[in-house]
1. How would you order 192-203, 30-41 from highest to lowest mean count of nearby Cβ atoms within 10 Å?
2. Out of these labelled values of percent of Cα pairs over 35 Å apart, [x] 31; [y] 38; [z] 17, which was calculated from the coordinates shown here?
3. On C-alpha positions alone, give me the angle between the axis of helix 65-78 and the longest principal axis of the chain, in degrees, nearest 10.
4. Using 1/(1 + (r/R0)^6) with R0 = 45 angstrom and r between the beta carbons of residue 3 and residue 223, what's the FRET efficiency to the nearest 0.05?
5. So what's the back-of-envelope 222 nm ellipticity for the chain, counting only DSSP H runs of four-plus at -39500 (n - 2.57) apiece and dividing by all residues, rounded to 500?
6. Can you sort 126, 98, 112 from fewest to most other Cβ atoms within 10 Å of each residue's own Cβ?
7. Sort the range 4-113 into rounded, prolate or oblate with this rule: let a ≥ b ≥ c be the square roots of the eigenvalues of the Cα gyration tensor; rounded if a/c is under 1.5, and if a/c is not under 1.5, prolate when a/b is larger than b/c, oblate otherwise.
8. Give the angle, between 0 and 90 degrees and rounded to the nearest 10, that separates the Cα long axis of helix 155-165 from the longest principal axis of the Cα atoms of the chain.
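Taken together, the values in this text are just the output of simple stated rules run on the coordinates, not laboratory data. All values derive from a computational prediction rather than experimental measurement. Here the Cβ positions follow ideal geometry from the backbone for every residue, glycine too, while neighbour counts run over all protein chains shown.
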């Protein structure tokens, strides 16, 4: 196995700073020759990966979904395989791929060299792993602080959501998919590539990260309290069976709004409507647990 690895740990991730020495030791014991470029600035990951692309055989990213999102465009450009060490708060991509949260076990997954090619979502020139969304989720992203995630962990998502939901107001959007356009009044539109997002919620109960489709849902309620009964179902992706939720799927989707609205990709605000989405099949190789 080729074992020259670029190690990128976000030291501002929930467990990043404390677990960095352990990650380095564990990976070296497993035979990896490391270039450690860990950083407090995830926005620098693109240029770091591009700079080292010819010196390494794989990239190992330690952090949460936002850290992975910061690296994804460079990974697509270089086609270096990705190893994941889940060190964030939610670790939704790791959950989708069944990568263990245990640092030693996650390192062993990479060392076993079992690779799976996964799809990526794409919106307005930005790739994403899990979900891109606008509306309620953006307000949660804007309000959710690093301090809250460090203090409350995964519960921070639920606490912040409850603080934001009662202020939510519907907005109008036009969704175009599979040659059909429809006008909606919604509080949330989410377009999913993988299964999990937002601290363990599922986009659709049967979504996979290599099904070569995007799954869209739109929450179309009139009053904020109508979303409360949907929240338990959203944990398993079964909110799609509610009459208040519109669901669609396809390989290409467009969303237009009267004024530009921010869109978050994997929990980071990266673009605005109008938004053009598409799925990129088999876009990236990722080290995953063996099926055996």
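1. 192-203, 30-41
2. [z]
3. The angle comes out at about 70 degrees.
4. With R0 = 45 Å, the Cβ-Cβ based efficiency is 0.20.
5. Dividing the helical sum by the residues of the chain leaves -8000 deg cm²/dmol.
6. So the residues, fewest neighbours to most, are 98, 112, 126.
7. Because its axes are fairly even, with a/c under 1.5, the range 4-113 counts as rounded.
8. 20
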